[in-house]
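Every number here is computed from the coordinates shown, using simple stated rules; none is lab data. From a predicted model like this one, the values you see are computed outputs, not experimental measurements. Every residue, glycine among them, receives a Cβ derived from its backbone with ideal geometry; neighbour counts consider all protein chains shown.
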Amino acid sequence: MSKADAYRLKRVAEVGSLLLRTVREERISKESLQDNYRHQWLVTTPLYNIGEQVYCLSRDFKALHPDVEWAGISGLRHRLVHDYEGTNWEIVSSIIMDDLPVFLGQVSDLLDETSETG
């Protein structure tokens, strides 16, 4: 893994962990994300950041790990930025509550592999 890819994965892990901590501390729920603009704004910036970091990972790295949903993650960022008014908050809340912890586990495993081999 290149240094740039390692840096981007670390940033994803950091921002993702902070996002999940914010969700807990602010008591953000699937329901509150439907119509609470403050909660929506609290989660979108970290999601933008995660999506941008994933988008900038090298093609080679992403190809080595096809089991990770790279395109969906960077695609979410694109949808949030370019079609904010059309955001389906039910989907976003499910991604944050259900999919993000799994994704961060995958990122953690990839970082662990890097530290073991590097």
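What the table below lists for this structure:
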item	result
Backbone N under 16 Å from the Ser115 label point (7 Å along Cα→Cβ), restricted to the stretch 5-35	6-15, 17
Check: the chain dipole with +1 on Lys, Arg Cβ and -1 on Asp, Glu Cβ, in debye	360 debye
Convex hull volume per residue in cubic angstrom - Cα atoms of the chain	91 Å³
Packing-based exposure ordering (other Cβ within 10 Å, fewest first) of Met1, Met97	Met97, Met1
Listed residue (Gln34, Thr45, Leu57) projecting farthest to the positive dipole end of the stretch 3-117, Cβ model	Thr45
Cross-link reach list, lysines versus Lys62, counting only Cα pairs under 22 Å and skipping chain neighbours closer than eight places	Lys3, Lys10
Neighbour-count ranking [beta-carbon atoms within 10 angstrom, fewest first] of Val92, Val54, Val102	Val102, Val92, Val54
Relative contact order of the chain, pairs being alpha-carbon contacts under 8 Å that are 6 or more residues apart, as %	37 percent
